Structures are given as structure tokens and as C-alpha cells.
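A short write-up of the structure that comes next.
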Amino acid sequence: MGHTSLEKIIALQRNPANIRNLCILAHVDHGDQEYLLNLIDSPGHVDFSSEVSTAVRLCDGAIVVVDAVEGVCPQTQVVLRQAWLENIRPVLVINKIDRLIMELKFTPQEAYTHLQKILEQVNAVTGTLFTSKVLEERAEKEKEEEKASETLSGDQVYDWSAGLEEVDDSHLYFSPDQGNVVFASAIDGWGFSIQQFAHIYSQRMGIKASVLLKTLWGDFYLNAKAKKIMKGAQAKGKKPLFVQFVLDNIWSLYNAVVTSRDKEKVEKVVASLGVKVMARDLRHSDPKVLLSAICSQWLPVSQAVLSMVCEKLPSPLDMASERVEKLMSVGARRFDSLPEQTQKLKTAFLQCSSDENAPVIVFVSKMFAVDTKALPQYKQRPLTQEEIAQRRELARQRHADRMAADQTAAETKMESLTLKDSKPEEEAELKETFIAFARIYSGVVKKGQRVFVLGPKYDPAQGLSMVNPQLSGCSASDCVSDVPHLSCCSMESLYLLMGRELEELEEVPAGNVLGIRGLEECVLKSATLSTAPACPPFTPLNFEATPIVRVAIEPKHPSEMPKLVRGMRLLNQADPCAEVLIQETGEHVLVTAGEVHLQRCLDDLRDRFAKIEISASKPIIPFRETVVRPPKVDMVNEDLGKQQKVAIIHQVKESSQGRSSDTLHVDPSGLVTLTTPNRLATVCVRAIPLPQEVTRLLESNSEVIRTLEQINMSLREGKSLDISPRTLEAIAGLKDQLDNLLQGRKWRNAVEHIWAFGPRRCGPNILLNSVESYQRLSVWQCLGRGDKTGETGAQAAVLRDFDNSIISGFQLATLSGPMCEEPLMGVCFCVERWDIQSSAPAQHQDSFEEDSISHKAFADSKVEGSSETSAQVEGMAAGRRPEPASSDCYGPVSGQLIAAMKEACRHAFQAQPQRLMAAMYTCEIMATAEVLGRVYGVLGKREGRVLHEEMKEGTDMFIIKAILPVAESFGFADEIRKRTSGLASPQLVFSHWEVISSDPYWVPTTEEEYLHFGEKADSANQALKYMNAVRRRKGLYVEEKIVEHAEKQRTLSKNK
């Protein structure tokens, strides 16, 4: 494949029907047509699956590569799922087939059976994704029908398989006879599809190519006597056509060239195939050189793969309408609920038009940094003959001047040297330039064109009402500042991405992938650009890897802190998955997806973005704090008596009362009663562990809860809201699920009495209102808004004074727990009493009423957003005059109530059995049988737990699925590889949070525990180790003995 000229590529860009966006630029001759392929490569490691997501969004198709020996790996499933979620069509390449011949020593028949199993595994993944989609659509349709029909029959039997039988899914699967599978050995340079062999044998045998295409793969054999292709090869013990016509030939070639190295046989093969082999390849000592020379002419892998790509993958003109709707439907909004002008843009997507009038729609999937010197305008270009002659003349002139004058020339020389020396300094100041990696879906993008940048929260309905839709992006920049989440920017330069090279373009038509310069000030990681304000922002990218590994970073020389800050800002923009934040302690923290990703980010920061020496802390491991039900057995599995449980709670109570017995009381049942220092308010709080299913539900629905909170805040402020039906469905669905999961006597009507979620108002903890005299507004008020529109004003008045103070105290308590100041998870705080005294001290002259109606019901909601920390609230209180507390929600009483609520929650938490929760990785390891024991040894040492293991059919490989704490994962991959001599490698993906069963505060109390663990409980308490490590890192008090048993030192002289 020769070098393609830029002019030819620009010409090909104008024909979207012959563009294939999948992965390195190539120009392919395919029959009488020329195709333009945009090949985007992506890394295979699970830590970099975010890079796969950014590539997949810009493509219409994908090549999925599977190892012929290992088959479907965990990462293969991830890649197929990402392709499915983005509605792009994949094709399959089964690579490394040479390993079946040379390593596993399979016969052609065994290899055929093995390849069949691999195809079944890949298709099983696709089938699972398809089935779940059909069932979801079926369930939605059924739900709509139920709503539409007023009278429903009492008993209905639902048949889940009904939808599956109706939908045709044959085109989704990989099958060689469909032409979407290539068998290859990239290292030996060969690859083929069934079509190639069907064409060869149709000419030789006189059988129609269409017949061979259907029968070359499958249970068919050739009846030599009848000269017919028959079915039932396996039942009759015959060779399938694929083995006889395809694999036997490849196996005999390997046997002649590599195994037996038979020269005569090789010459016959070369002659029969009609290929030309150079004499030096025939004489070469390495047989693989000769093999590659023959195969690259007989079955070139490039031709097989690129032909499949051109024939089977869609062009930008073939984009599915379903994919367009999915891209345009942000969050919980349905495509039907978008404004009419926005819905009309769907036709622009489908037409992929490059007309002057077509709206420009561009999606930027990532920003990548390039050295400014690598940009085309800074590159050295070859000089023309005229320029060379001019420079030669200038050099002669300078030489003559230098010879003529002495002192003057020396000064001139010094000045020129000074000027020359200053240039590198100027160049050193040139920073790295960010190029946006983007795809044009509609319109023609021109150099210098101004477009709208649509933020992820931009609402096209709001934008259309504030911006004149007739205005284009270049003339609308003046009115953009008023529209939320909408900005305007200019595309300074457009580039064609040629691997590492960049070629500057004046304009790029629809359907192409390009690089855009000049967006670094407007785009952080990804964005939607358009000239039409009606265009919605695209749905966010689906990232498989969750950023979980944190490190604190500082420069080795404190004076270089500004360079570090700038470098971290650049890294945050360049990496789609990395997050950069500054903690309350002032630490600069980098959050990454895993150990390999962390190392890559640190290297980039050190060598490219900050260009300074940096120090990184040990990874900051995240934990969560929770409470559990009182255990029924002790540490040696003996039944715990009731007496001992009570004793433990009494112990907590006594220690608590010892600190502040005048204002705090802890009941034996765990109920905490706390009074504010001014004796005006009292709260009673109890902590209850939430069921695990509820915790998981709240964690997975954090976005829905955040939306619910925003709606409630707007309603309290009296704003009118247009809530989409899909959002209301999502909220109603969450409420129904909570109702189903919170069953039993103690959870009766709990969902209706939810006061707030926390921390940050959307976390997996619940504040419950069990105050009998206080019937406050429900958090689910938006669901009943349609029926009770008139009652909204009356309901709003039910909010009691300082309602927000209780919520703020709860938010603070759940944000940092008492064990090691980590967020809480899975805890329900039940407020059982909340009294505000009716009489106050004389100096204040305040009048409190228990059920007083706030005159600032709407103003309360302003406190909700601003009172995130008690320090802020108290600071506000300090700046105001004492006023009657019933109307002053910013006064000292508010601050004291926040602090009291926070302390009450902490004491209620401590009155229950406390536990730490650790972040867990799912770990998938492929290993051979001989190293299995070593893998288990490493997992056991690091607190891992094996879930299951299974042997891959046809291989000696085992797949082990385990879970491993994130805290124990650092160096795990290296240790596995060292212990197994590289025969096993793990893939780690963040999975869930898990309660650590051991009590960090446990001490032996019973006789059996003393006998088993000893007086000092010498065996390591894993939870205590983690807790103390976090407390030590945060500078909190750690209760530990410095000297355990001090003895007089014995000197060496006395030992003689």
C-alpha cells in the first residue's frame, strides 16, 4: 500500500458513502472504488477502557480481535458491550491461528472444533446483550399498554420469550458465511475470509460460489462419488468442507515450510500457489521468513481485513435512527419530549449532508496534547531552489561584511548571538497545544468558523427561547453569555490525523474524523459543538473503568508548585478518565482507574505536562463506614448472651456520658438524646443499618436522587418546573423499589417519611422523620403534583423552623464518620424526637412554638445550598445581630442545632456495632494448571476470595474469578507475574463496596476468646489496621502502644 497524497484524501472526504470510520489512515483500492478508512486504535488493558469509549463514539464500526488460543477474555466482553451500547457494528478477526498449529499441535479437525467454540462464545456475549435489550423494550411496551387500558383482566400470565421470537437477530451474530469473520495469523502475514476460498474453489471445481459460500462453514462434506455437497459430516464421520478445503492446505504449508523443511515440497507448493519467492528467502535459516513470504502473497491479511471492512461495516450515511435518538436523548429525557426544532435535526444526522445550509454538528470525544513544534505551521519544509540561492547570497554578504569591519562586526556579532540565545527561551515558553479529537455528523466545518459549545447540562428548549434561532454560531456570540451552559468559540485550525503526523486543512465535510485546534479554553474533556442552538448535548461517554486509586502529589522543590498545578490541569484535560482535585487539607490529589493507569499519568505529568520532579504519596485508599446488626456469635463462634450485648452498649453509654453527661444521654437500646448548649432544642436520633439491597439501589440511583433534590428545591422556591415524563418515571420507579425492599414492622411507611439523602444530598444514607408531631413535606412531592396543585402552598407551610439545620447536621455527619472521618454508607438515621422549647432565657426574649409555621418557608431552601459545613453557618451567624430565633434561620440557634444534630448522629452511630467497608476489585486471572496453586497463594496472602474457577474447553487454561480489596491490590499484578513466571496475568476492575466482617474495636471478653486469641489478641485485626492507617494519614489520634514490653537493654559486653 503506497503513500497517499493529501489531495487524494481531501477528494475522498467529500464522498461519505465510501468512508469507513473505525481505526491510522489508509487509502484502499477496492475494485473500481476507492475507500477512505479512518482507523482508530485503542489499548487493550482494562485500565484504559476509557480510551476505547472515546474511540467507539466517533466510529460506525469496530474490528474485534480475539486470540485463537485464549478465546473470549474478560476484556473482549467489555469491548463488545461498549460497541453494543454505542450501537456500532462489529466485525471479528480471530488471530494467532498459527499457535494452534505450532504450540497446541492441533489437527485441522481439532482446530475447526476449537474455532467453532470461540465463535459460539463471542455470539453468546452478543446474544445476552440482545436478549436484555428486547426484554427491556417488551417490559416498557407492556407498561405503556397497562397505563393505556383502563380495565385490565385480573390474572395475567406474562410470557417473557414472546418478544424474542418476533425480532430478527441473525444479522447481529458473527458467522464466516455472512462475511463478518476473518481467520488470521498477523505475525506470519496471512488472513482469509470464506469468500476468498469460495472464489478459488468455484473456479477449480465448477461449483457456484454462492453454494460454496453457504457450505464452506458448517456441517457439510463433499461426496466424491456423487460430486455433491452433502449435509451431516459429523454424523457420518466425514471431513467438513472447511477442514478439507481450507485448514488442510494451511496445515500442509506449515508442515512443509516450518516443521519438516522439505525443499521439494516447498517448491511444489510455491508452484501450485503461483507465488514468487526470492532466492534469499528460500535460503534463509529462519523458516518463518519463507513462510511469511509465501503467505503474504497467497492470503495477504491486509486484503482480507480491509475487504471485510469495506463490505460489511456501515458508512456515515448508514447511521441507524436508533443511534441518533440515543445520542440526542440526554439523561432521563426521551427523544419525543425534546423541542420540535431539536427533533428536526435528526434528519441532518441521517443525511450526513455537506451542504452550505446544513447545520454543523460535531462531537469532541477527547482532547489530546501535542508538542507545539509538531504542528504543521512549525515544521521545517523543504526549500525551493530559489530560496537556497537567496540564502547562499545572504551568507556571502555576511561573510564580506565580517571581513570588512573589525570592532563593529564584533558588536554586531555579539548582538546577533544575544538574539539567537533568546530564541530557545521563547521557544521553551511555548506550551503543549491541545487538539480536539472529533467527528463531524452534519455540515461542513471551516477553518476559523465560530460555533456554540454545548455543556452537558445545556437545555435546547431554554437555549431556543433565549437565542434567536435564525442566528448562526458566528453572529450569536453576543447573546450567548446569558444562556446557561452555552458558550461560543472559534476553530482556529483543522487537521487531518495521519498517525503521529498532522496535515492542515481548510475545510472538512460531514462524516469525517478530524483534529481541531483552539478549543482548550472551552472544552475540558468532551463536548458537543454546533451552529444550531436547538442541538442538544450528546449523551455522556460510557466508561467501564471507575477512577478509584488516589495519590497525593507534590513537587520535590516547593517553588515549582505553580508548574505542578498547571501540569495537573493539562493532565486532567488530556486524560478522559483521570480526575484532579484539591482536598480540604490542601493536597493535590490525582484519581486514576488502576495501578497501570496511575503510573502512566505520573510519567506524563513528570515528562510532558509539568516537566518537574514530583513526589507521589502511597495510594490513598477509600473506605466507607457503616453499622451492622448486633452479631449473634462471638469471634470463636460461641452464642452471645443477651447480657454481654447489653454490657457493651452500657460501656459505650458510660464513656459517652463521661464526656458530656449534662447534654447527652445514650439509651441502652441505642437511642441518643442530645440537647443544644443553650438548652433550647433537643433531638433524639437512632442509627439503623439499611438492608444491603437498599444501599446498592441508592448508590446506583445517585443521579435520580440528585435530580429529585433539585426539583424539590425549585418547588420550595416557588419556581415553575417542566419535568419530563421520563424523569418522573425514574423517580417513581426508585420509590416503588424502595417500598418493595423496605419491608417489615420497623420500616412501616418509612419511604413516605424520608427527610433527606446524604452525604451531598444524593448519597446512600437516609434521614427518616419519625417525629409524631411533625408532618413535614414529602421528598416525593413532585410525583403527586398533578393531582394536588392547589395544595402546594398549604403543604409548603408545614416546614418547621430550622428544618434545614437538621438536614445540614445529617449531611455533615454522613460526610465524615466517627471511625476515621470517611463517608458513611448504608445507615438510616431516625429522628424520633425534636423539641424546641416554648420558653427561652430572659436575655433573648425569644418565643418558640413547637409547631410554628416558618414565615420564610422559601428562604429555608437557600440555606439548604449554603449550609454544607457548620463553619459556614456559624460564620454567617457571627455576622448578624441576635433576633427572635423563630424567624432567624441564620442565627446562633441554627448553628447550635446543626452541631447538635451532627453529634447526635455520630453518637447514635457509635451506639451500634461499627464496621468499615472496603472498595473491592473483581479480579479475573487466566492461568495454566501448574501455576494454579501459586495464584491461590498470592490471592490468600492479600485477603482475596476466589468466587469460582473453570477450565476453558480445548485448552489447559483455567479462568479464576476472585474479589480483592483495592487496599491490597498494589503490586498484585507484578507479584502474580513473578510467582508464575509470567504464565498468569490478572485484570482488575472496580466492582463494589463490601463490609469487613471483623470489628475494629474488638477485644477478647469471654474465656474462649482469651484461650483462642490470648490476652493481647495478637492476631492482626485487619479492620483496625486499615482504620489506624487512615487516621494516621489524616493526622487523627491513633490509639496504639509505642512500647509493648520494655526490658532493660543487655549490652554485648555482659553477654560475653
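The values are calculated or read from the model by the stated rules, or taken from the named source; none is laboratory data. In this text, all values refer to a predicted model and were calculated from it rather than measured experimentally. Glycine gets a Cβ as well: all are built from the backbone with ideal geometry, and neighbour counts include every protein chain shown. Only protein heavy atoms, including side chains, enter the accessible area calculation; ligands, DNA and RNA are left aside. Shrake-Rupley method; radii C 1.70, N 1.55, O 1.52, S 1.80 Å.
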Worksheet item: Name the residues in the range 685-703 that are over 22 Å from Val831 (Cα atoms) and either open to solvent by less than 30 Å² (accessible area, probe 1.4 Å) or in a loop (DSSP other than H, G, I, E, B) (or both), would you?
Response: Leu697, Asn701
Discussion item. On the basis of being out of contact with any strand residue (DSSP E or B) (no Cβ under 7 Å at 6 or more places or on another chain), of a type in the set (D, E, K, R), open to solvent by 70 Å² or more (accessible area, probe 1.4 Å) and not assigned by the TED database to the domain that holds Gln195, does Glu267 make the cut?
Written reply: no
Discussion item. Can you tell me which of (1) closer than 30 Å to Ser354 by Cα; (2) over 26 Å from the mean Cα position of the chain (by Cα); (3) surrounded by fewer than 18 Cβ atoms within 10 Å (Cβ to Cβ) is the one Pro533 doesn't meet?
Written reply: (3)
Item to complete: Scan the range 900-945 for residues that are acidic (Asp, Glu) and either open to solvent by less than 20 Å² (accessible area, probe 1.4 Å) or on the phi > 0 side of the Ramachandran plot (or both) and jot them down.
Response: Glu943
Fill in: Residue match in the range 732-751 (condition: of a type outside the set (Gly, Ala, Ser), open to solvent by less than 70 Å² (accessible area, probe 1.4 Å) and part of a strand (DSSP E or B))
no
Discussion item. Among the numbered criteria (1) open to solvent by less than 50 Å² (accessible area, probe 1.4 Å); (2) within 23 Å of Val831 (Cβ to Cβ); (3) not in a loop (DSSP other than H, G, I, E, B), which one does Cys762 miss?
Written reply: (3)
Item to complete: Could you please give the count of residues in the range 56-84 that are more than 16 Å from Glu924 (Cβ to Cβ), open to solvent by less than 10 Å² (accessible area, probe 1.4 Å) and small (Gly, Ala, Ser)?
Response: 3
Response to the item:
Only unsatisfied item for Phe538, checking (1) part of a loop (DSSP other than H, G, I, E, B); (2) open to solvent by 20 Å² or more (accessible area, probe 1.4 Å); (3) among the hydrophobic types (A, V, I, L, M, F, W, C), is (2)
Discussion item. Can you pull out every residue in the range 229-247 that is out of contact with any Asp or Glu (no Cβ under 9 Å at 6 or more places or on another chain) and either open to solvent by less than 50 Å² (accessible area, probe 1.4 Å) or not assigned by the TED database to the domain that holds Leu115 (or both)?
Written reply: Ile229, Leu241, Phe242, Val243, Phe245, Val246, Leu247
Discussion item. Give all pairs with beta carbons closer than 8 Å in which a residue from the range 493-522 that is under 27 Å from Asp318 (Cβ atoms) and open to solvent by 10 Å² or more (accessible area, probe 1.4 Å) meets a residue that is among the small types (Gly, Ala, Ser) and assigned to a strand (DSSP E or B); count only pairs at least 6 apart in sequence or on separate chains.
Written reply: Leu497/Gly515; Val513/Ala438
Item to complete: Scan the range 80-87 and give yes if some residue there is touching a strand residue (DSSP E or B) at 6+ places or on another chain (Cβ under 8 Å) and within 22 Å of Glu322 (Cβ to Cβ), otherwise no.
Response: yes
Response to the item:
When the range 188-247 is checked residue by residue, the ones that are hydroxyl-bearing (Ser, Thr, Tyr) and closer than 28 Å to Pro287 by Cβ are Ser193, Tyr201
Practice prompt. Go over the candidates Glu150, Glu103 one by one and state the one that is farther than 30 Å from Ser50 by Cα and at pLDDT 85 or above.
Written response: Glu103
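So that you can scan it fast, the table gives a plain yes or no per residue for (1) within 29 Å of Gln196 (Cα to Cα); (2) open to solvent by 40 Å² or more (accessible area, probe 1.4 Å); (3) in contact with a His (Cβ under 7 Å, 6 or more places away or on another chain):
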residue: Val277; (1), (2), (3): yes, no, no
residue: Asp286; (1), (2), (3): yes, yes, no
residue: Ile294; (1), (2), (3): yes, no, no
residue: Ala304; (1), (2), (3): yes, no, no
residue: Met308; (1), (2), (3): yes, no, no
residue: Glu311; (1), (2), (3): yes, yes, no
residue: Pro316; (1), (2), (3): yes, no, no
residue: Met328; (1), (2), (3): no, no, no
residue: Pro339; (1), (2), (3): no, no, no
Practice prompt. Could you grab the pairs with beta carbons closer than 9 Å, sequence gap of 6+ or different chains, first residue in the range 192-208 and over 21 Å from Ser175 (Cα atoms), second one surrounded by 12 or more Cβ atoms within 10 Å (Cβ to Cβ) and of a type in the set (Phe, Trp, Tyr)?
Written response: Ile207/Tyr201
Worksheet item: Taking Val704 and the conditions (1) closer than 16 Å to Arg761 by Cα; (2) modelled with pLDDT under 85, which numbered condition does it fall short on, given that it satisfies the others?
Response: (2)
Practice prompt. Go through (1) open to solvent by 40 Å² or more (accessible area, probe 1.4 Å); (2) at pLDDT below 90; (3) in contact with a strand residue (DSSP E or B) (Cβ under 7 Å, 6 or more places away or on another chain) and name the single condition Ile649 misses.
Written response: (3)
